[in-house]
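The values are calculated or read from the model by the stated rules, or taken from the named source; none is laboratory data. The structure presented is a predicted model; accordingly, all values stated were derived computationally and were not measured. Heads up, the Cβs are rebuilt from the backbone with ideal geometry, glycines too, and the neighbour counts pull from every protein chain shown.
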Amino acid sequence: MVDYRFSEEQELFRESMKEFCKSEIVPKTEKLANVRRMPEEIIKALAKFELLGMVIDPEYGGLGTDVVTAGIAAEELARADPSCAIPVLFLVGTSWGHTIDKYGTEEAKKEILPKAIKGEQIIGIATTESDIGSDLGSMKTKISKKGNKYVINGEKMYISGVAEAMEYGGGHVTLAKMTPEKGTRGMCLFYLPLKGTKGITPTYVEDIGREAISCGGFDIKNVEISNHYLLGEENKGFYYVHEGYELARGLIALVCVGAASKALENGIAYIKERKAFGRHIGKYEGIQFKLAENYVRIQALRELAYKALWTYDQEIQGKASRFEVSMAIAMAKSVASIWACEAINDVMQWQGAFGYTKECEDQKAWRGVRSFTLAEGSTEIMKLIIARELLGKEFLAYR
Amino acid sequence: MKIIACIKQVPDTTEVKVDPKTHTLIRDGVPSILNPYDHFAVEESVRIKDQIAEVSVTVITMGPEQARSALMRCLALGADDAVLISDKKFAGSDTWATAYTLSLAIKKIGKFDIVFCGQQAIDGDTAQVGPELAQQLGIPQITYVEKVEIDEKLKLTIHKQTEEGYQILETKPPVLLALLPPTSFQPEHPPMSSILKAKKKPFKVWDAKTLGGDESKFGLDGSYTQVIKTYTPPTRGECEFIEKDDIKQAAKKLSEILLKHEALIKR
């Protein structure tokens, strides 16, 4: 039988994390409605508790923890902020900080990572464009070499953290085409500083949820960056970006677990108090069946998600293959948002008309978690990855 | 200088519910935490360690294997080493037997200067172990301590809470201090780097045999008291709300009721 227990350090970390969230995060979430920008005090609080860049090499100021421990942080942050804005800031910074740590030049790592870890700058991810999401091979943004610099032209859209990077400082790990005729094998991944960069023009959109983190895009017009911002080798960006996405997807699965678990706790408390037709509504089978079904799903998701991150850690140690990681992560992410949304939706339903008001805490969770059928790889793409692993590459869709 | 901090792992009483029929506490599934009074005591110990050169803090507890996590937390808060005193023979200890067992462990550690305890534990609320431990060790004690100042010559200035305010006391080691946190106390949450350091610090487990001492004074055999039952007393009496717009009228009505029940005496 497998030993499923967390390590002693991880259990202590979760305990400390819960207390941190209770005293430092939960009281601040009341002020997060419709702000469209992560307050600096929250970024600083996350940094002070050493959450930003926890998986990054200690040489650059990180802790060098495994990604399962980062998953614990993601789950607990989502319980504290079920709107998922703070968890998104955390998971994006963690995943793409990890990518910079792994593939960045020494100069870039020394420049970017210590500031991100201290909360002085943020790190985001920019691959999506106005009409390009899953179909990355069709992206229009291009990068070309010019001496010891690169020149970029194009645009990115539906990106988290643009306002924060423009205002506080920081930038986005960005994907662009260098050799278009090679399709996805002709792409470069690089760090694009946003604040103060000539040729960057931001635009903003309003998401239906995650109201405390910005969503937007930026036009990129003849932007020149130093070549030390290139991540890894030229034309291999499509490969690197999937490693980053897979970490983000694993963390997202646990964000869904955290938000849905909190909603179910709220729901359990409610159905034990609310009476209808002379009895507590928790006594009705119609409620109990839904509660049991949702609880089992969220527990199953939790197991899938931690197993996926554990597999990611195994790959780092050379004990698992890239494809094993892809499969495990895709399995967790393929059901995460859907199961979490259904659980939260049922909790809203139990609360009757109140469940459809903005006073109901759970609707914020639903709006936040709903984003994850799209963000960091759609549910449909996750299913294609699973099918690819089951059927073989010769059955790869859209090739 | 050597500081020994005595701590206890307790059920999180904010999570404990009462059985509506039996009035007993439902402890099943209730998470265990470091007693908040002890948390303050450990933070104060570490503060002194950071303030004065060559101070080490040893944290000890008597409890089952699960109490290890409370000690690990103290190590993450900055204590230098930990001792878990654990044996089935200690089961059922009342405050006197607990104090006896802790005193043996402290004597085994060797020379010490200050023993820090929390004023009380949130599960039993007896506030007896600290004073009894001082008695067993044969050292002076100061209770209800909110603040500890220390100078290079190890002179201690103690701020002791009283019902009227504070007593400022001066003393020298060895001494036992039972600490009561101020209402403004915000417990520190150790970050991951401190947890990783804690894992590398010395951690000992001592059983009854290792401690030595008189085994008849351990556990239930060494206890003068036994808890037969814990329950919330049923609500008695009646509650009357005084609803008056005029505060003077409300005060007058209140004084009439108090006089009627002889809770106030008219002069």
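Listing for the model above:
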| item | result |
| --- | --- |
| Criterion (part of a helix (DSSP H, G or I), of a type in the set (D, E, K, R) and not assigned by TED's automatic domain parsing to the domain that holds B:LEU104) met by exactly one of B:LYS209, B:LYS252, B:LYS229, B:LYS197 | B:LYS252 |
| Selected residue (criterion: nearest to the other protein chains (Cβ to nearest Cβ)) from residues of region B:160-171 that are surrounded by 12 or more Cβ atoms within 10 Å (Cβ to Cβ) and of a type outside the set (A, V, I, L, M) | B:GLN161 |
| Subset of region A:159-201 that is within 14 Å of A:LEU136 (Cα to Cα) and hydroxyl-bearing (Ser, Thr, Tyr) - its residue that is surrounded by the fewest Cβ atoms within 10 Å (Cβ to Cβ) | A:THR179 |
| Strands (runs of 3 or more DSSP E) contained entirely in region B:61-178, each with at least 3 residues that are within 13 Å of the chain's Cα centre (by Cα) | B:114-118, B:141-150 |
| Residue, nearest to the other protein chains (Cβ to nearest Cβ), within region A:19-33, restricted to residues that are surrounded by fewer than 16 Cβ atoms within 10 Å (Cβ to Cβ) and in contact (Cβ under 8 Å) with a residue 24 or more places away in the chain | A:LYS22 |
| Selection from region B:170-221 of residues that are basic (Lys, Arg) and closer than 25 Å to B:ALA121 by Cβ | B:LYS201, B:LYS204, B:LYS217 |
| Pairs where the first residue, in region A:138-152, is closer than 16 Å to A:THR128 by Cβ and the second is of a type in the set (Phe, Trp, Tyr) and part of a strand (DSSP E or B), C-beta under 9 Å, 6+ apart | A:ILE152/A:PHE190 |
| Index of the failed condition, A:VAL2 passing every other in (1) out of contact with any Gly (no Cβ under 8 Å at 6 or more places or on another chain); (2) within 14 Å of chain B (Cβ to nearest Cβ); (3) under 22 Å from A:THR311 (Cα atoms) | (2) |
| Unmet requirement for A:LYS48, which otherwise passes all of (1) facing chain B (nearest Cβ under 10 Å); (2) farther than 26 Å from A:GLU167 by Cα | (2) |
| Some residue of region A:86-104 being assigned to a helix (DSSP H, G or I), aliphatic (A, V, I, L, M) and touching a Ser or Thr at 6+ places or on another chain (Cβ under 7 Å) | yes |
| Qualifying residues in region A:251-280 (those that are part of a helix (DSSP H, G or I) and free of Cβ contacts under 8 Å to residues at least 12 places away in the same chain) - the one farthest from the chain's Cα centre (by Cα) | A:ALA269 |
| Yes/no for A:PHE372 being under 24 Å from A:THR94 (Cα atoms) and surrounded by fewer than 23 Cβ atoms within 10 Å (Cβ to Cβ) | no |
| Selection status of A:ILE143, assigned to a strand (DSSP E or B), crowded, with 22+ Cβ neighbours inside 10 Å and in contact with a Cys (Cβ under 7 Å, 6 or more places away or on another chain) | yes |
| Residues located in region B:174-200, provided they are touching a residue at least 40 places away in the same chain (Cβ under 8 Å), β-branched (Val, Ile, Thr) and either surrounded by fewer than 18 Cβ atoms within 10 Å (Cβ to Cβ) or more than 7 Å from chain A (Cβ to nearest Cβ) (or both) | B:VAL175 |
| Matching residues, region A:192-223, being over 24 Å from the mean Cα position of the chain (by Cα) and at positive phi | A:GLY196, A:GLY199, A:ASN222 |
| One residue from A:MET187, A:MET178 being more than 22 Å from the chain's Cα centre (by Cα) and within 24 Å of A:ILE316 (Cβ to Cβ) | A:MET187 |
